[in-house]
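In what follows, a structure is listed as C-alpha cells, so that the remarks can point back to it.
Just so you know, all these numbers are worked out from the coordinates, no wet-lab data involved. Worth saying up front: this structure is predicted, and the values here are computed from it rather than measured. We place every Cβ from the backbone using ideal geometry, glycine too, and count neighbours over all the protein chains shown.
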Amino acid sequence: MRVALFVTCVNDTLFPDTGRAVVRLLRRLGVEADFPRAQTCCGQMHANTGYRDEAVRLARRSVAALRGYDAVVVPSGSCAAMIREQYPGLAGSSGPFADAVAQVVPKTYELTEFLVDVLGVTDVGAYFPHRVTYHPTCHSLRGIHLGDRPLTLLRQVKGLELVPLPGAEECCGFGGTFALKNADVSAAMCADKVRAVLDTGAEVLCAADNSCLMHIGGMLGRQRSGVRVTHLAEILCSTETAGVR
Amino acid sequence: MSSRDLILGRVRRALAGVPDVEITRAYRGPSDKPGDIRLFEERVRDYRAVVHLVDEPGVAERVARSLAERGARRVVVPAGFPAPWLAAADVEAVADDPPLSAAELDAVDGVITTCAVAIAETGTIVLDAGPGQGRRALTLVPDYHLCVVRAAEVVANVPDAVARLVPARPLTWISGPSATSDIELNRVEGVHGPRTLEVLIVT
Amino acid sequence: MSVTFLGMPAERPFPRNAARAVRDSQLRFNLRKATRTIRARRASVVAEAPDWAELREAGRAIKEHTLRNLDRYLVRLEEAVTAAGGHVHWAADGDEANRIVAGLVKATGETEVVKVKSMATQEIGLNEALHEQGITAYETDLAELIVQLGDDRPSHILVPAIHRNRAEIREIFAEHMAGWGRPAPGDLTDEPAALAEAARLHLRERFLKTKVAISGANFAIAETGTLVVLESEGNGRMCLTLPRTLISVVGIEKVLPAWRDLEVFLQLLPRSSTGERMNPYTSMWTGAAEGQEFHLVLLDNGRTGVLADEVGRQALRCIRCSACLNVCPVYERTGGHAYGSVYPGPIGAILTPQLRGMGSELDRSLPYASSLCGACYEVCPVAIDIPSVLVDLRARAPHPWPERAGMAAAGWVFERSGRLARLQRAGGRLRRLMPRRLPGPLGGWTDTRDLPEVPKESFRDWWDRTDGGRR
Ligand code: SF4
C-alpha cells in the first residue's frame, strides 16, 4: 500500500512534532508513509474566506501532489473535510482537475479513520500517563463524522485517564479567519471552551486539529492555566520508551 | 404589467432550465391502525391537561363530576353534542343559536365538545366544526374546555390525522391548554386560549 | 436598483455590533439560558421521532420541488383560495404589500387592527406603514407585545424578546402597558405565569372588539387553498377567528403543493421550533371561513431574486423554525440585534445579504458572522446547507484591500513548495523576534490569545534532513 502523508501547512510550519508523530506512529504499525514534497496548503483558508480562485489553484496543486497513492493520511479533520467536502465543488463536473479530485477524494483519510478503518487497529500500543480530555473539532464531528474513532483510540492508551469534556460538540470559536474578522465573538466562544476544559481538571487537551488547539491553547496559555494542548497523534505516538521528540 | 404577471415572470425567468427534484417519502406514513389510547392519555397529560379514561356508560357521570369540580354553571353546548352525556350534569346548557357574541362567550364558565380526530403520538385533538364541536370561537373564548374523545377518533400519528381530515373545513389542532414559551423559552400554561383543558377518553 | 427593506436599517458591520453585545453580561446570560433550554428540548423530541432523517429528507425535497415549480403552485393557490371565497393580491415589494393592506383596512372603516406574529409583516415594516395611514396595529403575541411595548427590536424569529429576562419583562409591562390599553396589575411579579396573565388581561378586550386582523402563515396549500398558522398562546386563534376581516401577508415561498404535505411539516416544525411534539394550537382555514372576509397578500420582496441563485435558493426552503439560531454559537453570544435585520442568526446571515444585497458594510459582513461550525445545517429540518451558502456568498462579497493583499501573498507562497520552505526557514531564524502582540487586524488574535512558538525546523526540513526519521 502506497501511503502519502498530507501533513497540512499549519502542521508543517508550526507543529512539526505532529507530523513526526504521525510518521513514527505509522512506522510502528508497519506503514511507511511518503511525504510528497510538492504539497503546501489545501486552500481551505482561501476558500472559506471567499477567495475561490486562489483556493482552486491550491486544490489543483494538492491533488496533483497526492494522486496515485492508495491512501492519503491527513492529521487534521478540517483539512480532510476541505478535500472531501469542498474539492468536488471547486473542481466542477468534468476535466482533468475533476478526474484527479475524483481519484484522490475517496482515498483521503483523517488519521484516526486511517488507523481504525484502513489498518483496523484501535490499540496502537501507546503509553501516556496523563489526565486527558478530548475536543471533537467541528469539522471532525460534523464535516467528516469521525464519531467515536478518536475516543476509541484514546481509551486503549495505557496510563491515560480520559475525562469527558462538557459541551464537547460546541465550536471553540476558531473558524480560520473568523478568529480575526470576528475576534470578539471568537474570544467569547473560546472563553467558554476554556472554562469547560478547566472544569474537567485535565492536564492535557487533545484534538484532531492543531488549528483549533492553537486557538484554545493560545487562551489557556494567556491565562497561565497550566493546561497544555497536544495533537492526538502525539499521544498515540508516545510509548513507555520513547516520547515524541 | 400587473404585479401578478411581474412576479410570475420573475419566477419563470429564475427557474429557466432548473431541473425538478424527486420526493422520497420514506418516513412513517399513515399507519391505518387505531391509535394507542394509553399513549394518547399519557401524551395529553404531558401538556398538563387533565385527562380521564371512562367507559361509555360512565360518561354522563364523569362529565357531571368534571363540571361540578370546575364549578361550571353555564356551559356552551354546541349543536349535535350527544344529549345523554349531559344528562347527569347540573348546569345551564347555553346554545350557540342565535350565535353568541364574543362578550357572551367570555361570560360563560366553559364549553363542552366532541372532536373530529385525536392523535395518540402527539396528544393532539382536532376540531373540525362538525356536530358537537361548533364554530371555532366556542372553544376559544371560554376559559375552560372539556372535550370528550371517543376511542374510534384516536389515530396513531400525524399522517393518519392528515389523511382523515377534510381541508375545506375550518380546523383547530389543540395540544394541551394555551401556553407560551416566550419568557426565557420556558413553557408556561395559560395565556389567551382556554387555560384549562380537560379531556375525557371514552373507551 | 431598489434596495429591499428588511424591517430595520442596515447600520454598522456585524463585528462592531457583536463586540458591544458580547460585553453585555445580562444579554449573554439571558441568551445562554434560553438557547440552552430550547436546544435540550428540541434534541429530546427529535430523538424521539424514529424517522426524523426521513422526514427531514422529505421536507427538503418537497420544498425544493415546490420552489422549482413555484409559478405553477402560486397560480393553483390563487385559484383555490378564490374558489373558496377569498381574495388574492400580489405584492412585488414591501411598499406594495403595505399599500394593499392599508387600503383593505381603510375599506373596512376601522382604524385599529390586531396582529398575529408574522415575519413577513415585520420584514416589510407594516406596522410603521399603517401608523402613517392613521391605523394602529396591536401585536398580540407575548414576545411581540414585549418588543412593541418596550419600543424595542425583535432579536429572534420565534421569540422576538428572547434577549429579555423575566425581570426586564415585568418592568416593561408595569411601565408601558397603560400607554397601550389596560394597565398591568399593580402587584405584578416577575413570575412567568403572572406575566402571561397580565398579557391575557391586557389584550382580552381588544380581541373581543377588534374587527380586522392581520396575520402571516406558516404554510399555504396550493391544492386546497388552505392556510396554516402554528402558535402557542391562542392569540393567533383570537385574531384568525373573531374579527370580521382577516388579511394574511404570506411570502411566495410559503406555498406547499398538496394537503398531504402537511403530514411532514406538522412534524418537522413544532419539534424544531419550540421543541414540542406539537404546538398548543394550529389553525387551518380555507378561503372565507365561517363567513369571514379573507384577503391573501402574496409577497415577493426580493424572493424571486434569491430563487434565481443556484446555491442561495435553498434559503427559500426555510420554515422559520429558528433551530439554527438556537444552536448557533455566534448567535448565542451576540443576540439577534447585531445582525441588523429581522432575520438574525445563521438563516439571517444567508438570507439578509441575498434579499438586501451586499451594498452596505453590515450586509457584506453577515456572511462572515459564522465560524462555519456546521451546527445549523445539522439541525435544520429542511437541510439547508447554511455553511455552503455562507462560503458562496463570501466568494461574491467585496473584500477589503489589506485582506486581499494578505491572501494574495499567502497564495503566492503556497504556489511553490520552495517558497513555503524558505519562509519557514526565515521564521525559524527570526523566531526569537516574534512579538507577543501582533499589529493591525492580526491583533484580534493576540488580544486574548498567546501565539504558538515558531519551531526551529519545519516538518519538511526535518523530513529532508532525516529522510523521514530513518536517519
Ligand atoms: S434555516 Fe432551517 S433551521 Fe434555520 S430557521 Fe430556517 S428551517 Fe429552521
Helix-only [θ]222 nm of chain B, DSSP H runs n ≥ 4, -39500 (n - 2.57) each, per residue, nearest 500: -7000 deg cm²/dmol
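Per the helix-only calculation at 222 nm, which mean residue ellipticity applies to chain C, given -39500 (n - 2.57) for every DSSP H run of n ≥ 4 and division by its residues, nearest 500 deg cm²/dmol? Can you show the working numbers first?
Numbers: 23 runs with 239 residues, N = 471.
Calculated at 222 nm, the ellipticity per residue is -15000 deg cm²/dmol.
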Column: log10 I(q)/I(0), Debye, Cα scatterers of region A:3-118, q = 0.14 Å⁻¹: -0.52
Order of C:Trp463, B:Trp173 under a 10 Å beta carbon neighbour criterion, fewest first: C:Trp463, B:Trp173
Inter-centroid distance (Cα atoms) of region A:101-123 relative to region B:70-91, Å: 71
Average projection area in nm² (convex hull over Cα atoms of region B:57-177, one quarter of hull surface): 7.4
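How big is the equivalent ellipsoid of region C:401-465 along its three axes, where each semi-axis is √(5λ) from the Cα gyration tensor, reported in whole Å from largest to smallest?
Each semi-axis is √(5λ); the values are 23, 18, 8 Å.
Charges at C-beta only: +1 for Lys and Arg, -1 for Asp and Glu. How large is the resulting dipole of region B:34-202 about its Cα centre, in Debye rounded to 20? Provide the component values of the computation, followed by the final result.
Numbers: 16 positive and 24 negative charges, 28 e Å.
Dipole size: approximately 140 debye.
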Degrees, to the nearest 10: C:262-273 long Cα axis against longest axis of chain C: 60
Out-of-range pairs (alpha-carbon distance over 18 Å; input B:Lys33/C:Lys63; C:Lys115/C:Lys209; C:Lys63/C:Lys254): B:Lys33/C:Lys63
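Given +1 on the Cβ of Lys and Arg, -1 on the Cβ of Asp and Glu, and no further charges, what dipole in debye does region C:401-465 carry about its Cα centre, rounded to the nearest 20?
Numbers: 14 positive and 8 negative charges, 56 e Å.
The calculation lands at about 260 debye.
What dipole magnitude, in Debye to the nearest 20, does the protein assembly as shown give about its Cα centre under +1 on Lys/Arg Cβ and -1 on Asp/Glu Cβ? Provide the component values of the computation, followed by the final result.
Numbers: 110 positive and 110 negative charges, 809 e Å.
So the magnitude is around 3880 debye.
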Hits among aspartates and glutamates - C-alpha to C-alpha of C:Lys456 under 14 Å, sequence gap 8 or more where chains match: A:Asp12, A:Asp17
Cβ-based charge dipole, chain B, positive-most Cα from B:Val126, B:Ala107, B:Val75: B:Val126
Net charge over other residues, Cβ less than 15 angstrom from the Cβ of A:Asp148 (K, R count +1; D, E count -1): -2
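Quantify how strongly other chains surround peptide C:451-464 by giving the mean number of their Cβ atoms within 10 Å of each of its Cβ atoms. Walk me through the intermediate numbers first.
Details: counts 5, 12, 3, 2, 6, 1, 1, 9, 17, 9, 2, 7, 9, 2.
If you average over the peptide's residues, the count of other-chain Cβ atoms is 6.
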Inter-probe distance in nm under a simple model that places probes 7 Å from Cα toward Cβ, at C:Arg32 and B:Glu56: 6.0
Value at 222 nm in deg cm²/dmol, rounded to 500, when DSSP H runs of n ≥ 4 in chain A each add -39,500 (n - 2.57): -12500 deg cm²/dmol
Cysteines not pairable in chain C (beta carbon separation under 4.7 Å absent): C:Cys239, C:Cys318, C:Cys321, C:Cys328, C:Cys380
Cα-derived Rg to Rh of the protein assembly as shown, Kirkwood definition: 1.02
Average beta carbon contacts from partner chains per residue of A:172-180, 10 Å cutoff: 6
Length released on extending from C:Glu11 to C:Glu378, taking residue separation times 0.36 nm less the Cα-Cα span: 129.1 nm
Mean Cα-pair separation over length for region A:3-118, i.e. relative contact order, pairs under 8 Å, 6 or more apart, %: 28
Label-point gap, in nm, between C:Leu208 and C:Glu415 - each point 7 angstrom along Cα→Cβ: 7.8
Mean-position separation - Cα centroids, region C:340-384 and region B:100-148, in angstrom: 41
Net charge of Cβ neighbours under 15 Å - reference B:Arg62; Lys, Arg +1; Asp, Glu -1: -4
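Let me check against my output: what whole-number percent is the relative contact order of region B:34-202, with C-alpha pairs under 8 Å and at least 6 apart?
Numbers: 367 pairs, mean separation 49.5, N = 169.
Reported as a whole number, the value is 29 percent.
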Sum of side-chain charges, C:Ala375 neighbourhood, beta-carbon under 9 Å (Lys, Arg +1; Asp, Glu -1): -2
Gained length - A:Glu161 relative to A:Ala98, 0.36 nm times residue gap less alpha-carbon distance: 18.2 nm
Within straight-line cross-link reach of A:Lys193, lysines at Cα separation under 21 Å, skipping those fewer than 8 residues along the same chain: A:Lys181, C:Lys33
Contact order relative to length of chain A, as percent, for alpha carbon pairs under 8 angstrom and 6 or more apart: 21
Packing rank of B:144-153, B:63-72, where each peptide gets the mean count of other beta carbons within 10 Å, highest leading: B:144-153, B:63-72
Alpha-carbon centroids, region C:199-221 and region C:232-299: separation in whole Å: 13
Inter-site label distance for B:Ala107 and C:Glu79 at 7 Å from Cα along Cβ, in nm: 4.9
Listed residues C:Ser417, C:Cys328, C:Leu55: farthest to the positive end of the dipole of the protein assembly as shown (Cβ charges): C:Ser417
